[in-house]
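**Q** If you scroll down you'll find the structure; I have some questions about it.
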Amino acid sequence: TDEIMQQEIRPLVAVDIIEQLHRQFAILSGGRGKDGAPIITFPEFAGFSDIPDEDFLNVVTYLTSIPSLEAASIGFIIIIDRRRDKWSAVKASLTRIAGAFPGNLQLVFVLRPSRFIQRTIADIGIKLYRDDFKMKVPIIMLNSVSDLHGYIDKSQLTRELGGTLEYGHSQWIHHRTAIENFAMTVKTTAQMLQTFGTDLAETELPNDVQCTEELLSAHTDHHSKLKDELKLAVKQGATLLTCIREPVTRSANSKLSPDELENVATVERLLAQLDETEKAFDQFWTKHHLKLEQCLQLRHFEHDFREVKLALDNLMEAQAGFADIGDSVTRVEHLLREQKQLEEKGQGPLEKAQSLALHGEQLIQNNHYAVDSIRPKCVELRRICDDFTNETKKKYDILGKSLELHKQFDKASQWCEAGIYLLASQAVDKCQSQEGAETALVEIEKFLVTAKEHQLSNPKEFYNQFDMILTPEIKANAQRILQKLEDVQEMFDKRQVSLKKLAAKQTRPVQPVAPHPESSPKRASPKITRPA
């Protein structure tokens with residue numbers, strides 16, 4: 001692109017002087033001298049002396065600008081055809097050319113007037129006025145085109161000069177305007193691509209999804225239009241190349257003139273520049289498009305991150321609200337159900353968070369430009385997920401311990417209540433007899449056997465097992481139940497002592513040597529026959 005932009009712009013193009021060119025007072029037929037010098041022909045033109053100086057200079061300047069620098073540096077050969085004119089026309093032509101020709105001259109051939117008088121005058125005039133023409137190159141006066149053929153090969157001369165070189169002035173103008181239009185198209189296309197590239201490079205990336213999508217869409221549309229322009233330009237150049245090569249394509253015996261070969265080289269060079277420009281533009285667009293797509297991916301990721309993060313924060317806040325560990329079996333079971341509901345409610349956000357973190361890691365693996373922004377968010381998402389999972393497990397552990405503890409409390413309380421009920425149900429009047437006392441003692445002994453199943457652990461085991469949930473309230477509740485257990489146990493102990501005394505009194509007449517009830521822990525055998 002820079003190469004095309006920095007090329008020297010020619011001061012004139014065919015379209016600027018199209019009317020003057022159509023007058024055909026000077027032509028660049030494409031022929032060359034033996035050393036490759038370009039030939040400019042001034043055909044017979046009746047109003048040559050009436051041509052304005054500006055028009056003459058523009059046309060000659062334009063014609064000398066067409067050949068390559070290498071060919072132009074050899075020097076131009078001028079052929080002035082004045083066979084049907086007068087010496088005055090020859091003199092006017094030489095004077096004008098000498099004074100205004102902008103290129104490097106090598107030779108000047110003059111086909112002198114064919115009429116005898118004018119030829120004689122021309123011979124005399126050229127001798128007299130040669131120095132007035134101020135030309136530093138030879139001026140060769142020729143009597144006929146045959147003489148010209150001695151200097152220039154007929155294949156390099158047009159039919160008007162007895163040669164075989166095919167030349168159509170209208171077609172030449174058409175080719176010149178087409179080539180220059182194509183060159184302008186290449187230049188304009190390069191400028192458009194450069195401007196678009198500059199705009200892309202200076203574009204700030206948006207901060208939200210919608211603006212990024214709109215920017216990506218706008219840039220993609222603009223890129224597609226420019227690609228269409230490039231395709232049209234390439235098609236234009238290819239068509240032009242076909243037109244220039246058409247004589248060779250039509251006839252195998254035809255050959256392109258040096259100027260036509262230069263035209264081919266010019267178009268091919270422009271097509272090559274266009275191809276290089278397109279490749280450079282495609283490379284730049286690929287990078288820019290990738291950056292825009294990655295920007296859109298980032299904005300989607302950030303948007304999803306904010307939504308997922310909010311859901312996770314709400315989950316963590318809800319979980320933090322579950323500080324209660326319950327004060328009864330019913331309450332703890334209710335809390336466990338609520339914890340289960342929270343866990344189920346959190347599955348959606350947790351899965352989204354894990355999926356989003358995985359997506360972020362894939363973006364990083366795909367060499368996303370915003371790695372430093374994506375990686376911390378992935379780490380944070382996984383951390384919150386782990387925190388929620390770990391905290392949930394901890395809550396279940398605590399509530400599980402609480403449930404077990406309160407079940408033990410309930411069992412102990414129930415045992416105490418059952419014991420109190422048992423003692424209360426033993427009627428005093430029935431226990432006055434030996435049989436009644438012994439029956440009551442058996443009931444008590446059976447009941448006391450179940451004590452171990454309903455007692456709390458010893459203090460050390462109890463602390464080790466329930467340390468994580470031993471709040472002041474639970475400790476107080478445990479103390480209350482322990483006290484109740486002691487009280488009930490004491491009630492049973494007292495009842496047993498009383499019953500044993502009653503049973504011993506009834507058996508004393510038949511066992512005069514039996515020990516005093518208070519001194520013997522053993523009660524009387526139920527098999528001893530009571531007195532009548």
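The values are calculated or read from the model by the stated rules, or taken from the named source; none is laboratory data. The model shown is predicted, which means the values in this text are computed figures rather than measured ones. Please note: Cβ atoms are built from the backbone with ideal geometry, for glycine as well, and neighbour counts cover all protein chains shown. Note: accessible area is taken over every heavy atom of the protein model, side chains too, but ligands, DNA and RNA are not part of it. Shrake-Rupley method; radii C 1.70, N 1.55, O 1.52, S 1.80 Å.
**Q** I'd like the accessible area for Asp387: 1.4 Å probe, protein heavy atoms, all chains in place, Å² to the nearest 10.
**A** 60 Å²
**Q** With a cut-off of 8 Å between alpha carbons and a minimum separation of six or more residues, what is the relative contact order of the chain in percent?
**A** 10 percent
**Q** Helix 472-507 against the longest principal axis of the chain: what's the angle in degrees, Cα atoms only, rounded to the nearest 10?
**A** 20 degrees
**Q** If you don't mind, there's one more thing I want to ask. For Val371, what accessible area in Å² do you get when you roll a 1.4 Å probe over the heavy atoms of the protein chains, rounding to the nearest 10?
**A** That residue has around 30 Å² of solvent-accessible surface.
**Q** Quick check on the chain: of the DSSP beta bridges with both residues there, what percent are antiparallel, nearest 5%?
**A** In the chain, approximately 10 percent of DSSP beta bridges are antiparallel ones.
**Q** On each of the three principal axes of the Cα atoms of segment 304-403, give max minus min coordinate, whole Å, ordered largest first.
**A** Taking the Cα atoms of segment 304-403, the three principal extents are 57, 20, 16 Å.
**Q** Provide Trp172, Trp415 ordered by accessible surface of protein heavy atoms (probe 1.4 Å), highest first.
**A** Final ranking, largest accessible area leading: Trp172, Trp415.
**Q** Given axes a ≥ b ≥ c from the Cα gyration tensor, I'd like to know whether segment 351-403 is rounded (a/c under 1.5), prolate (a/b larger than b/c) or oblate.
**A** prolate
**Q** Under 1.5 on a/c is rounded, so check that first for segment 407-503, then, if it is not, pick prolate when a/b is larger than b/c and oblate when it is not; a ≥ b ≥ c are the square roots of the alpha carbon gyration tensor eigenvalues.
**A** Taking the square roots of the gyration eigenvalues as a ≥ b ≥ c, segment 407-503 is prolate.
**Q** With angles folded into 0 to 90 degrees, how steeply does helix 87-100 sit against the dominant principal axis of the chain? Use alpha carbons for both and round to 10.
**A** So the inclination is approximately 30 degrees.
**Q** Under a 5 Å amide H to amide H cut-off, with H placed in plane at 1.01 Å, what residues pair with Leu142 once short-range neighbours are removed?
**A** Val110, Leu111, Arg112
**Q** When the chain is fully extended, how far beyond the present Cα-Cα distance does Ala418 get from Lys430, taking 0.36 nm per residue of separation?
**A** Full-extension gain reported as 2.3 nm.
**Q** Hey, another quick one. What are the semi-axes of the equivalent ellipsoid for segment 330-489, taken as the square roots of 5 times the Cα gyration tensor eigenvalues, largest first, in whole Å?
**A** Computed over segment 330-489, the values are 59, 14, 10 Å.
**Q** Please arrange Val379, Val59 by accessible surface area, largest first, computed with a 1.4 Å probe and ligands excluded.
**A** Val379, Val59
**Q** Can you report the principal axis dimensions of segment 306-353 using only the alpha carbons, biggest first, rounded to whole angstrom?
**A** Its Cα atoms span 40, 16, 8 Å along the three principal axes.
**Q** Please list, or write none, the aspartates and glutamates whose alpha carbon is within less than 15 Å of the alpha carbon of Lys460, excluding same-chain residues fewer than 8 places away.
**A** Within the straight-line limit of under 15 Å, Lys460 reaches no aspartates and glutamates at all.
**Q** Return the distance in nm (one decimal) between the two label points of a simple spin-label model at Glu473 and Asp147, each offset 7 Å from Cα along Cα→Cβ.
**A** In this crude spin-label approximation the distance works out to 13.3 nm.
**Q** Right, something else. Students often get this wrong: which residues of segment 432-451 have the backbone nitrogen under 18 Å from the point 7 angstrom along Cα-to-C-beta of Met491?
**A** 440-451
**Q** Go through Ser146, Ser224 and list them by solvent-accessible area, largest first, probe radius 1.4 Å.
**A** Ser146, Ser224
**Q** Could you pull out the pairs from Lys446/Lys505; Lys86/Lys154; Lys345/Lys401; Lys340/Lys411; Lys407/Lys475; Lys309/Lys401 whose alpha carbons sit more than 20 Å apart here?
**A** Violating the 20 Å Cα-Cα cut-off are Lys446/Lys505; Lys86/Lys154; Lys345/Lys401; Lys340/Lys411; Lys309/Lys401.
**Q** So what J values fall out for segment 411-420 if you push phi through Karplus, 6.51 cos²θ - 1.76 cosθ + 1.60 with θ = phi - 60°, rounded to Hz, Gly and Pro as x?
**A** Going residue by residue, I get 4, 5, 5, 5, 5, 4, 5, 5, x, 4 Hz, with x marking Gly and Pro.
**Q** Express the carbon and sulfur contribution to the solvent-accessible surface of the chain as a percent, rounded to the nearest whole number, probe 1.4 angstrom.
**A** Carbon and sulfur: 53 percent of the exposed surface of the chain.
**Q** Here is a follow-up. To check my understanding: the extent here is largest minus smallest coordinate of the Cα atoms along each principal axis. What are those three numbers for segment 176-215, in Å, largest first?
**A** Result, largest extent first: 52, 16, 5 Å.
**Q** Please turn the phi angles of segment 229-236 into ³J(HN,Hα) values with the Karplus equation 6.51 cos²θ - 1.76 cosθ + 1.60 (θ = phi - 60°), one per residue in order, whole Hz, x for glycine and proline.
**A** For segment 229-236, the Karplus-derived couplings read 4, 4, 4, 4, 5, 5, 5, 4 Hz, x marking Gly and Pro.
**Q** From the helices alone, meaning DSSP H stretches of at least four residues, give me the mean residue ellipticity at 222 nm for the chain, per-run term -39500 (n - 2.57), in deg cm²/dmol to the nearest 500.
**A** -23000 deg cm²/dmol
**Q** Report the convex hull volume per residue for segment 174-293, counting only C-alpha atoms, in Å³.
**A** Cα convex hull per residue, to the nearest whole number: 94 Å³.
**Q** Could you give each residue of segment 402-409 its phi-based ³J(HN,Hα) in whole Hz, using Karplus coefficients 6.51, -1.76, 1.60 with θ = phi - 60°, and x for Gly or Pro?
**A** Here the 3J(HN,Hα) series is 4, 5, 4, 4, 5, 5, 5, 4 Hz.
**Q** Leaving ligands, DNA and RNA out of it, work out the accessible area of Asp372 with a 1.4 Å probe and give it in Å² to the nearest 10.
**A** 140 Å²
**Q** Per the Kirkwood treatment, what hydrodynamic radius in Å, one decimal, follows for the chain from the mean inverse distance over all distinct Cα pairs?
**A** Result for the chain stands at 35.4 Å.
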